[in-house]
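The next block holds one structure in the form of structure tokens; read it before the comments.
Each reported figure results from applying straightforward, stated rules to the coordinates on display, with no laboratory input. Note that the structure is predicted; figures quoted are calculated from it, not measured. Neighbour counts are summed over all protein chains in view; Cβ atoms, including those assigned to glycine, are modelled from backbone coordinates with ideal geometry.
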Amino acid sequence: MLNSDIEKQYRQLLSKIVTRKDECERFIRFLEDETTWLTAPASTKYHLSIEHGLIIHSVNVAEIMLTLKNVLLPEIPDESCVIVGLFHDVGKIGMPHAPRYIKKDSSYAYNENQVEMSVAARSLYIVSKFISLTDEEAQAILYHDGQYIVENKPIAHRECPLTLIVTFADTWATAKEDGRVKISDPHYFRSTETKEKHGNDEKV
């Protein structure tokens, strides 16, 4: 059963999709009724390799995207951030007849019996069957891994703002989920001299 807080966040995010509401509702029915969307892990051995991991990660990315765009470029529609954020990794479900991940004892294994595609390509393929995407949304989904992926080099320095935002949101969410984001000292970025002057108990 999906965590109630994640469920609430997920439904609130979906409510921000207005102009393509009907398309999205058909897509969500497909995902929830015919695929592993609500139960799949986000990976087999890295971040959130647990049941419901994919939906948790997707919600996290969408929420971070909204936060970033509100600060950096408020004119980007909330709807675009939600569609890209929630569905950038939807390719990790595989297909209804061939899920990407298979439950194996207490962990997950990669399903070799599927037509091979990158996660990003499959995500774009699946989403575009249901939702009419803008050019910027299509680029953001297909290239959301940024320059971590060699195949993404052709668009280096030509990313749309939405692509830059989803790339950072995805990277940040993943780092938090696998425990790499750890700054325990609130004065981490201050010089030693400043720390001594204000004391270590100063609030920031």
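What is the order of HIS88, HIS57, HIS157, fewest Cβ neighbours within 10 Å to most? Kindly include the intermediate steps, with their values, before the conclusion.
Values: HIS88 30, HIS57 22, HIS157 5.
Least crowded to most crowded, the residues run HIS157, HIS57, HIS88.
With a/c under 1.5 counting as rounded, go ahead and sort region 1-111 into rounded, prolate or oblate using the C-alpha gyration tensor (a ≥ b ≥ c being the square roots of the eigenvalues; past the cut-off, prolate if a/b is larger than b/c, else oblate).
prolate
Please list, in order along region 112-120, the HN-Hα scalar couplings obtained from phi with the Karplus expression 6.51 cos²θ - 1.76 cosθ + 1.60 (θ = phi - 60°), rounded to whole Hz, x for Gly and Pro.
With the stated coefficients, region 112-120 comes to 6, 8, 8, 6, 6, 8, 5, 4, 5 Hz.
What whole number of Å gives the distance from the Cα centroid of region 97-161 to the Cα centroid of region 49-70?
15 Å
May I ask you to sort SER15, SER4 by Cβ crowding, counting other Cβ atoms within 10 Å and putting the fewest first?
Details: SER15 11, SER4 8.
Ranked by crowding around the Cβ, least crowded first: SER4, SER15.
Report, in debye and to the nearest 20, how large the dipole of the chain comes out about its Cα centre when Lys and Arg carry +1 and Asp and Glu carry -1 on their Cβ.
My answer is approximately 180 debye.
Can you tell me the length gained on complete extension of the stretch TYR125 to VAL181, counting 0.36 nm per residue apart and subtracting the Cα distance?
Between TYR125 and VAL181, full extension yields an extra 17.0 nm.
For the chain, how big is the tail of P(r) above 21 Å, as a whole percent of Cα pairs? Write down the numbers at each step before the final one.
On the way: 11523 of 20706 pairs.
Of all Cα-Cα distances in the chain, 56 percent exceed 21 Å.
For region 4-198, calculate the relative contact order in percent as a whole number, restricting contacts to Cα pairs under 8 Å that are 6 or more residues apart.
Result for region 4-198 is 21 percent.
Provide the per-residue ³J(HN,Hα) series for region 155-161, in order, calculated from phi with Karplus coefficients 6.51, -1.76, 1.60 and θ = phi - 60°, each as a whole number of Hz, with x at glycine and proline positions.
Here the 3J(HN,Hα) series is 9, 4, 6, 10, 6, 6, x Hz.
As a footprinting exposure proxy, order CYS81, CYS160, CYS24 by other Cβ within 10 Å, with the fewest listed first.
CYS160, CYS24, CYS81
Of all the stretches in the chain, which is the longest one without any exposed loop site, taking GluC sites (Glu not before Pro) in a DSSP loop (any state but H, G, I, E, B) with at most 12 other Cβ atoms within 10 Å?
117-201
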